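Quick note: the coordinates plus some simple rules give every number you see, no bench work behind them. What you see is a predicted model; the values in this text were computed from it and never measured. Heads up, the Cβs are rebuilt from the backbone with ideal geometry, glycines too, and the neighbour counts pull from every protein chain shown.
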Amino acid sequence: MAFHVYNTMSRTKEELVPLDGKHVRMYTCGPTVYNYAHIGNFRAYMFEDLLRRYIKFCGFQVTQVQNLTDVDDKTIRASIEQGLPLKEYTQTYVDAFFEDLVKLGIEPAEHYPAATDYIPEMIAIIETLFEKGYAYQSEDGSVYYSIDKFAEYGKLAHLDREGMQSGARVAQDEYDKENAADFALWKAYVPEDGDVVWDSPWGKGRPGWHIECSAMSMKLLGESFDIHTGGVDNFFPHHEDEIAQSEAATGKTYSKYWMHCGYLVVDGKKMSKSLGNFYTLREILDMGYIGREVRYELLSSHYRQSLNFAFKSLDANRAALKRLDEFYTTIKESVGSETNAGELPEWAAETRSR
């Protein structure tokens, strides 16, 4: 069955033609486990679940990797504030994430790599980038990627290269297009990092955020794979920087297709703790809603459009699901009354059980 996807890279719909016959290899940007995942996160994970299911429905085999970011600026800061070792602190939220996936009926990926388990792979990529002239060490010992050296930098986000600041650097993990600059591959140790530190050829330190996904994806899926997904918030700088460092290191196309899910807003406003409209899945379920109702809501809009999350919609979803359940029961009873009619398809029973 022919299957077309919208490729963010080309800004067009393209037929999905896997690199390896009928086997689709897909990488999904997962949670940063410094807190419980919020409903905006799960909007993206729900889209990726639907994509995975449809690819399988079309007759393809899927190998999906979803990473767990367990070392970055946020996780380190939060673990130190709580006085806990990084691994112990993040494990609480890793466990919670898997529990939440079950509540929403999201199919598990084949691999859930944690960034801290792939430090050697990250160091190896950075060494290659040094050898090829794309990386350099700054005065403080950190290692940066020189975006001037990669002629195609900005091709995903369609950046104006002439407007970039040549030689400028950005140390933080997240920044906007106006501040596109050389980004950190390896961050030299500072006392604020506590005991979060690894040895490297460039001294003690820790990886930058972007190199983590390149290392995990290429280790588990190969240097080139089929689909890279994520929320639109990952579009820049994270995915742009992934492409730059991966393709510079290997000389190959990193991902053939790029797919991005739109934002989730709450009652028409950007979700924010300061506005009092920031919700984790657990908070929604504690209000008496169930996973099926939240799942229905998160799938109620085209994945590339912004989704307006509203509690009145959740209430309507409850009524809609009740009607669907009643319809399912009626059909099942009708089928059951027919001689040799057999059972309804397995997928229908699975849908009903959620």
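The orientation-averaged projected area of the convex hull spanned by the Cα atoms of segment 115-181 comes to 5.4 nm². Rounded to the nearest 500, the helix-only mean residue ellipticity at 222 nm of the chain stands at -12000 deg cm²/dmol, with each DSSP H run of n ≥ 4 adding -39,500 (n - 2.57). DSSP bridge analysis restricted to the chain gives an antiparallel fraction near 45%, rounded to the nearest 5. On the basis of the beta-carbon distance and an R0 of 25 Å, Val102 and Ser300 show a calculated FRET efficiency of 0.75. Using a Cα-Cα cut-off of under 20 Å, which lysines could be cross-linked to Lys332, ignoring same-chain neighbours fewer than 8 residues away? Hits, sequence-local ones excluded: Lys322. The overall shape of segment 160-254, judged from the alpha-carbon gyration tensor, is oblate: a/c is not under 1.5, and a/b is no greater than b/c.
Can you give the FRET efficiency for Thr92 and Met1, using 1/(1 + (r/R0)^6), R0 = 35 Å, r = Cβ-Cβ distance, to the nearest 0.05?
0.25
As a length-normalised measure over Cα pairs under 8 Å and 6 or more apart, the relative contact order of the chain settles at 19 percent. The modelled label-to-label distance for the pair Val232/Asp267, using points 7 Å beyond Cα in the direction of Cβ, is 2.2 nm.
If you take the square roots of the eigenvalues of the alpha-carbon gyration tensor of segment 200-277 and sort them as a ≥ b ≥ c, do you get rounded (a/c under 1.5), prolate (a/b over b/c) or oblate?
It comes out oblate by the Cα gyration axes.
With r defined as the distance between the Cβ atoms of Ala319 and Asp117 and R0 fixed at 35 Å, what FRET efficiency is calculated, to the nearest 0.05? The value I calculate is 0.20.
Taking the C-alpha atoms only, the angle from helix 73-82 to the longest principal axis of the chain is near 80 degrees.
According to the square roots a ≥ b ≥ c of the eigenvalues of the Cα gyration tensor, what is the shape class of segment 4-261, taking rounded for a/c under 1.5, prolate for a/b larger than b/c otherwise, and oblate for the remainder? Oblate, because a/c is 1.5 or more while a/b does not exceed b/c.
The long axis of helix 119-131 is offset from the longest Cα principal axis of the chain by roughly 50 degrees.
Given all pairs of different Cα atoms, what value in angstroms does the Kirkwood hydrodynamic radius of segment 171-325 take?
Working: mean 1/r = 0.0532 Å⁻¹.
Hydrodynamic radius (Kirkwood, Cα pairs) of segment 171-325 is 18.8 Å.
Taking each residue as 0.36 nm, the span from Phe130 to Phe278 lengthens on full extension beyond its C-alpha to C-alpha distance by 49.1 nm.
With 24 Å as the limit on Cα-Cα distance, the pairs of Lys270/Lys312; Lys132/Lys252; Lys204/Lys252 that go past it are Lys204/Lys252.
Relative to the present Cα-Cα distance, how much length would full extension add between Gln82 and Glu14 at 0.36 nm per residue of separation?
Taking 0.36 nm per residue and subtracting the Cα distance, the gain is 19.8 nm.
Using a Cα-Cα cut-off of under 15 Å, which aspartates and glutamates could be cross-linked to Lys187, ignoring same-chain neighbours fewer than 8 residues away? Partners found: Asp72, Asp73, Glu127, Glu139, Asp140, Asp173, Glu174, Asp195, Asp199, Glu212. Straight-line cross-link partners of Lys103 among the aspartates and glutamates, defined as a Cα under 20 Å from its Cα and at least 8 positions apart when in the same chain: Glu48, Asp49, Asp95, Glu283, Asp286, Glu293, Glu297, Asp315, Asp325, Glu346, Glu350. Here the chain is treated with +1 on each Lys and Arg Cβ and -1 on each Asp and Glu Cβ, and its dipole about the Cα centre works out to around 1060 debye.
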